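First up is the structure itself, then whatever we jot down about it.
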Amino acid sequence: VEERLKTEGPRSLTAYMPLIMKYDLHLLEICKSAQELSKELACDWLSEYMLKRDRNDLHIQEIVKFFSDYDVHKSHGRSIDREKAREKGLERVVDLEKIEGLSDLVRSLYNQYDFFFDKTPFFKMFENAYGINWGRQTVSVHLPLPHPLGAPQPTQQPGPPVPSE
């Protein structure tokens with residue numbers, strides 16, 4: 001959108017206006033900041049832990065640019081296989097099947113988390129290096145819906161029978 005606005009001017013926004021009007025500028029800034037933070041952290045972590053290069057190294061910048069490119073991946077949830085990761089410069093990505101016993105442990109852990117998320121209201125789990133964990137869960141909130149003017153008002157539904165004494 002930004003590129004079209006620069007080249008075509010304000011008329012390029014006409015098609016986007018119904019979508020943009022749903023969000024305030026503050027939310028858009030939060031999203032943009034989150035994207036920039038993700039790129040910054042990826043550069044730092046690739047530099048410090050995986051590639052052991054200066055964070056401004058062109059190779060690191062190209063890797064981060066590829067993995068954060070929405071036009072290439074179309075979704076945050078789209079998987080990138082190991083071969084593609086290695087092809088893009090992450091040579092240290094290993095095949096867990098080649099490490100004796102690791103494949104069974106990873107499958108077991110996956111099954112435990114799958115079962116956990118299926119049977120609880122949690123949708124996200126966090127755990128630190130010290131074994132302390134916590135999670136986020138869905139919460140149901142029932143709010144009364146406003147009734148349009150002139151619409152019939154709902155009638156109170158009967159509850160369960162009350163035993164007489």
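The values are calculated or read from the model by the stated rules, or taken from the named source; none is laboratory data. Computed from a prediction, not measured in an experiment: that's the story for all the values here. Here the Cβ positions follow ideal geometry from the backbone for every residue, glycine too, while neighbour counts run over all protein chains shown. The area values use the complete protein model at the heavy-atom level, side chains included, leaving out ligands, DNA and RNA. Shrake-Rupley method; radii C 1.70, N 1.55, O 1.52, S 1.80 Å.
Among 138-146, 15-23, sorting by the average number of other beta carbon atoms lying within 10 angstrom of each residue, highest first, gives 15-23, 138-146. What are the lysines whose alpha-carbon lies under 19 Å from the alpha-carbon of LYS98, with same-chain residues fewer than 8 places away excluded? Of all the lysines, those that pass the test against LYS98 - Cα under 19 Å, at least 8 places apart if same chain - are LYS84. Shown in residue order for the stretch 6-16 are the 3J(HN,Hα) couplings computed by the Karplus curve 6.51 cos²θ - 1.76 cosθ + 1.60 at θ = phi - 60°: 5, 8, 9, x, x, 4, 5, 7, 3, 5, 8 Hz (x for Gly and Pro).
Couplings 3J(HN,Hα) of the stretch 78-88, computed from phi: 6, 7, 10, 6, 4, 4, 5, 4, 5, 4, 8 Hz, in residue order, whole Hz [Karplus 6.51 cos²θ - 1.76 cosθ + 1.60, θ = phi - 60°; x for Gly and Pro]. What a 1.4 Å probe finds exposed on the stretch 34-160 is 56% carbon and sulfur by accessible area, rounded to a whole percent. Hey, which lysines would be in cross-link range of LYS6, C-alpha to C-alpha under 29 Å, not counting anything within fewer than 8 residues on its own chain? In chain and number order, the partners are LYS22, LYS32, LYS39, LYS65, LYS74. Length gained on full extension, LEU13 to SER75: 20.0 nm, using 0.36 nm per residue less the C-alpha separation. As I understand it, the value is the acute angle between the Cα axis of helix 58-67 and the longest principal axis of the Cα atoms of the chain; what does it come to in degrees, rounded to 10? Taking Cα atoms only, the helix is inclined about 30 degrees. At a probe radius of 1.4 angstrom, the accessible area of the chain per residue rounds to 90 square angstrom. The share of alpha-carbon pairs in the stretch 13-84 lying farther apart than 18 Å comes to 55%. Within the stretch 74-130, all pairs of alpha-carbon atoms sorted by distance into 5 Å bins from zero give the percentages 4, 13, 13, 17, 24, 19, 8, 2.
Eigen-decomposition of the gyration tensor built on the alpha-carbon atoms of the stretch 1-149 gives equivalent ellipsoid semi-axes of 35, 29, 15 angstrom, largest listed first.
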